[in-house]
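The structure appears right after this line, and notes come after that.
The values are calculated or read from the model by the stated rules, or taken from the named source; none is laboratory data. As the structure is a prediction and not an experimental result, all values here were calculated from the model. Cβ sites come from the backbone with ideal geometry, for glycine too, and all protein chains shown count toward neighbours.
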Amino acid sequence: MSSGAQVTSYLIPEVTPGVTPPTGAWDTLRLTSNTLSPTVNTQVSDEITDSRISQGSVVSSVDIQGDLVGELSYGTFDKLLEAAFYGTWTGDVLTVGSTRRTFTVAKNFNDVSVYTLFKGMHASVFALDIPSDGKITATFTMAGLDYADGDTNTVATITPPTTTPFMSNLNVGSITVDGVSLEGSACVSALTVNLDNSLQAQRCIGSGKLGPGAQIATEAAITGTVTLAWSNRAWQIWKNTFSRKTIAVAFPITDSLGNRYDLSFPALEVDGDLPNGGKRDLIEVTLNYTVAKQAPTITRVPFVPVSSVSVAPTTASIAVAATRQLTASALPSGAAQNVTWSSSAPSIATVNSSGLVTAVAVGSAVITATSVSDPTKTATSAITVTA
């Protein structure tokens with residue numbers, strides 16, 4: 001008897017497809033489901049003998065495939081994303097390329113000492129599902145070259161799982177179409193992304209592997225759906241169905257720590273039916289889209305904590321009714337620069353959201369800039385108001 005809580009999954013990049021590296025660290029995968037399995041294909045004997053009983057079957061091929069499913073979190077699936085895009089993270093930007101990356105994936109049934117290895121695993125399909133109310137899920141459909149199992153664990157050095165928080169629909173930021181936000185004009189209620197590498201299994205006699213001799217990527221077909229509340233703006237987008245004019249779509253996904261993925265689709269063709277509904281229904285349109293000619297990109301933007309905040313000038317003298325602009329900056333330079341402004345004595349001097357100080361009456365006030373991302377980081381400017 002075995003418990004699902006005792007099934008752990010690990011991944012290690014291969015140098016040679018189908019060959020598990022003898023050394024190196026295995027990444028612990030954060031998954032909700034691992035359906036990897038060898039599927040045996042057989043041919044039944046057609047022999048005619050002196051008995052009506054079946055003469056049995058023979059194995060003709062083995063398909064080594066399945067899905068790795070997880071809740072999207074920052075940095076957790078970056079290696080698998082790289083493999084799915086056949087690309088390389090360059091300057092934290094990933095796009096579709098032609099670089100094949102394969103892995104050995106271990107699926108361990110720890111409580112019954114059954115340890116399986118799936119070798120030469122390619123990312124055949126990547127699917128991202130952003131529901132109207134729920135967790136964002138990432139699914140990697142894998143296809144491999146070989147399989148092995150035993151009662152001895154071959155996973156040695158292990159890298160612990162990432163600890164970044166998983167994300168939901170609420171972590172999706174403003175969605176733009178052709179550079180203009182849809183906020184207030186066309187509510188997006190659900191969105192999916194599907195990247196299919198159109199992998200083809202090349203069967204090779206005498207390869208010595210249970211699976212195919214090779215998995216060959218062909219066309220990178222990128223499709224998906226977006227569900228919009230029906231509106232004049234949604235209608236304008238839908239009408240591109242007839243002209244085949246492409247639209248550019250972009251949106252960020254930011255976790256609760258401030259880590260972010262920026263997804264950009266520079267050219268999408270859309271299709272969809274005119275929506276309908278009853279008198280008690282919300283009218284929505286579901287558009288199917290296809291990437292055309294220009295590859296999408298994913299940009300990863302890690303959160304950079306604020307170490308300090310400074311305000312310039314640190315002191316200023318202002319006459320009543322005059323103004324003075326204060327400027328705040330955060331270090332390091334890659335940290336979020338957003339601050340909130342406040343005055344210790346609004347009856348003496350006020351400050352607006354952009355740091356503009358207005359002198360109200362003779363006296364002194366301290367203007368404070370507080371980091372939005374880390375409210376413990378502040379800086380001040382001493383303001384003296386003169387007659």
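Yes/no per residue for (1) without any contact (Cβ under 8 Å) to a residue 12 or more places away in the chain; (2) assigned by TED's automatic domain parsing to the domain that holds Ile216; (3) within 27 Å of Thr218 (Cα to Cα):
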position	(1), (2), (3)
Tyr10	no, yes, no
Asp46	yes, yes, no
Val62	no, yes, yes
Gly70	no, yes, yes
Gly91	yes, yes, yes
Arg101	no, yes, yes
Filtered residue count, region 24-55, keeping only those that are under 47 Å from the mean Cα position of the chain (by Cα) and either in a loop (DSSP other than H, G, I, E, B) or among the hydroxyl-bearing types (Ser, Thr, Tyr) (or both): 13
So which strands (runs of 3 or more DSSP E) are wholly in region 79-189 and hold at least 2 residues that are under 22 Å from Gly4 (Cα atoms)? 103-109, 114-130, 137-143, 146-150
What about Leu274, is it in contact with a Leu (Cβ under 9 Å, 6 or more places away or on another chain), of a type outside the set (Phe, Trp, Tyr), under 30 Å from Leu228 (Cβ atoms) and not assigned by TED's automatic domain parsing to the domain that holds Ala382? no
Subset of region 30-63, residues in contact with a Pro (Cβ under 7 Å, 6 or more places away or on another chain) and modelled with pLDDT of 95 or more, comes to Arg30
Residues that are without any contact (Cβ under 8 Å) to a residue 40 or more places away in the chain and either over 33 Å from the mean Cα position of the chain (by Cα) or not in a strand (DSSP E or B) (or both), drawn from region 323-342: Thr323, Gln325, Thr327, Pro332, Ser333, Gly334, Ala335, Gln337, Asn338, Trp341, Ser342
Out of the residues in region 186-201 that are of a type outside the set (Asp, Glu) and closer than 17 Å to Gly87 by Cβ, state the one that is surrounded by the most Cβ atoms within 10 Å (Cβ to Cβ). Asn197
Of all residues in region 6-20 being of a type in the set (A, V, I, L, M, F, W, C) and surrounded by 15 or more Cβ atoms within 10 Å (Cβ to Cβ), the one that is farthest from Thr157 (Cα to Cα): Val7
Cβ-Cβ under 8 Å, sequence separation 6+ or interchain: first residue in region 230-253 and in the same structural domain as Asp129 (by TED's automatic domain parsing), partner of a type in the set (Ser, Thr, Tyr) and assigned to a loop (DSSP other than H, G, I, E, B). Which pairs? Ser231/Ser185; Asn232/Ser185; Arg233/Ser185; Asn240/Thr246; Phe251/Ser174; Pro252/Ser174
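Here's the yes/no breakdown for (1) surrounded by 15 or more Cβ atoms within 10 Å (Cβ to Cβ); (2) in a strand (DSSP E or B):
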| residue | (1), (2) |
| --- | --- |
| Pro346 | no, no |
| Ser354 | no, no |
| Thr358 | yes, yes |
| Val366 | no, yes |
| Thr376 | no, no |
| Thr384 | yes, yes |
Answer residue from region 260-311, given it is of a type in the set (S, T, N, Q) and within 30 Å of Trp341 (Cα to Cα) and is surrounded by the fewest Cβ atoms within 10 Å (Cβ to Cβ) among those: Ser307
Determine whether region 329-340 contains at least one residue that is farther than 19 Å from Phe303 by Cβ and either at pLDDT 95 or above or of a type in the set (A, V, I, L, M, F, W, C) (or both). no
When region 86-129 is checked residue by residue, the ones that are surrounded by 21 or more Cβ atoms within 10 Å (Cβ to Cβ) and touching a helix residue (DSSP H, G or I) at 6+ places or on another chain (Cβ under 6 Å) are Leu94, Ala123, Phe126
Out of curiosity, is Gln6 free of Cβ contacts under 8 Å to residues at least 40 places away in the same chain, more than 29 Å from Ala214 (Cβ to Cβ) and not aliphatic (A, V, I, L, M)? no
Residue set Gly66, Gly18, Gly70; condition within 29 Å of Met167 (Cβ to Cβ) and more than 16 Å from the chain's Cα centre (by Cα); output residue Gly66
All conditions in (1) in contact with a Cys (Cβ under 7 Å, 6 or more places away or on another chain); (2) surrounded by 19 or more Cβ atoms within 10 Å (Cβ to Cβ) are true of Ala229 except (2)
Does region 1-23 hold any residues that are touching a Pro at 6+ places or on another chain (Cβ under 8 Å) and assigned to a loop (DSSP other than H, G, I, E, B), and which are they? Glu14, Val15, Pro21
Would you mind telling me which numbered condition in (1) more than 30 Å from Phe166 (Cα to Cα); (2) outside any strand (DSSP E or B) Gly258 fails? (1)
